[in-house]
Amino acid sequence: MPVAPLLITTPTYFRTLGIPIMQGRAFTEADTEKSRPVAIISHTMAHRYFPGENLIGRRIRQGGPERGNAWREIVGVAGDVKYMGLGAPDVPVYYEPETQNTSNGMFLSIRSTLQPKTVLTDVRHIVDRFDKDLALDHQRTMNELLSHSVSLPRSRATLLTIMAALALSLAAIGIYGVVTFTVNQRRSEIAVRKALGAQPRVLLWLVIRQSMQPVVCGVLVGATIAAVLGRAMESVLFGIHSRDPLTFAIATGVLFLIALLACCIPAIRSGAIDPAATLRAE
């Protein structure tokens, strides 16, 4: 049996939250308890239960025949909303107008250019005109709701970022240490090359080229492994794929830049080696 959550809304709900009406229309003031029952369904519900069909004018109803609920005419298809959180998949949802249904509670959504505290004060005054004992609860801005929804993935992403930064720092220190050790081991060779007329830029390029060869191999192997294991990261990513080419290109570029800087310092020092002193010490 098809299952979908029901949301009871007012005509301005979709416009207030910026939910697009992809087909048909939104609810209007003409949708009253005396007019024909109507409903709006989400894009996912339309795609899942009515694939490839013209939905406007089709009818649905809540529950089985024994419930005796009225058939409702579909008057519109709305865009999907992440009601269950940004990390949750899109689920079928359908809407009924508040004038044709009843509810013991209500969420009030307000769009305003004023500060939230000012808006809440005005809302409190308006509510008090109707019932001073009526409680207002869960007062949140959309930014707060979004922040709460991504708090756990954001914590994971922050932790992974810190670990990645530490790993990158250790890699840079390791490359610097290895290249420095290699240059010190080859002091005699570099001194001989300089004594025979090798230019500093040639020695600089020689050290950098030979030092970057294992770095290139490591980056290629690491990128391949990251592409294979990237699915494990999808739960903390929003609006980007785990195998996004631009992200891989930027990450690879950063790794190359850090490795190049780590190689340049000992490579530049190799150009300052004094051939006479080095060969005399040998």
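The values are calculated or read from the model by the stated rules, or taken from the named source; none is laboratory data. The structure presented is a predicted model; accordingly, all values stated were derived computationally and were not measured. Cβ placement follows ideal geometry from the backbone for every residue including glycine, while neighbour counts extend to all protein chains displayed.
Being hydrophobic (A, V, I, L, M, F, W, C) and outside any loop (DSSP other than H, G, I, E, B) is a property that does not hold for Ile110. Among the conditions (1) within 26 Å of Leu108 (Cβ to Cβ); (2) surrounded by 15 or more Cβ atoms within 10 Å (Cβ to Cβ); (3) not β-branched (Val, Ile, Thr), the only one that Phe50 does not satisfy is (1). Listed by first and then second residue, the pairs linking a residue in segment 171-190 that is surrounded by 15 or more Cβ atoms within 10 Å (Cβ to Cβ) to a residue that is outside any helix (DSSP H, G or I) and not acidic (Asp, Glu), with Cβ atoms under 9 Å apart and 6 or more places separating them unless they lie on different chains, are Val183/Ile273; Arg187/Ile273; Ile190/Ala198; Ile190/Gly271; Ile190/Ile273. Annotation note: of Gly105, Gly64, Gly76, the sole residue that is assigned by TED's automatic domain parsing to the domain that holds Met45 and at pLDDT 90 or above is Gly76. Has segment 209-219 got at least one residue that is in contact with a Leu (Cβ under 6 Å, 6 or more places away or on another chain) and under 26 Å from Leu257 (Cα atoms)? Yes, segment 209-219 contains at least one residue that is in contact with a Leu (Cβ under 6 Å, 6 or more places away or on another chain) and under 26 Å from Leu257 (Cα atoms).
Each residue in segment 113-125 was checked for being surrounded by 13 or more Cβ atoms within 10 Å (Cβ to Cβ) and not in a helix (DSSP H, G or I), and 0 pass.
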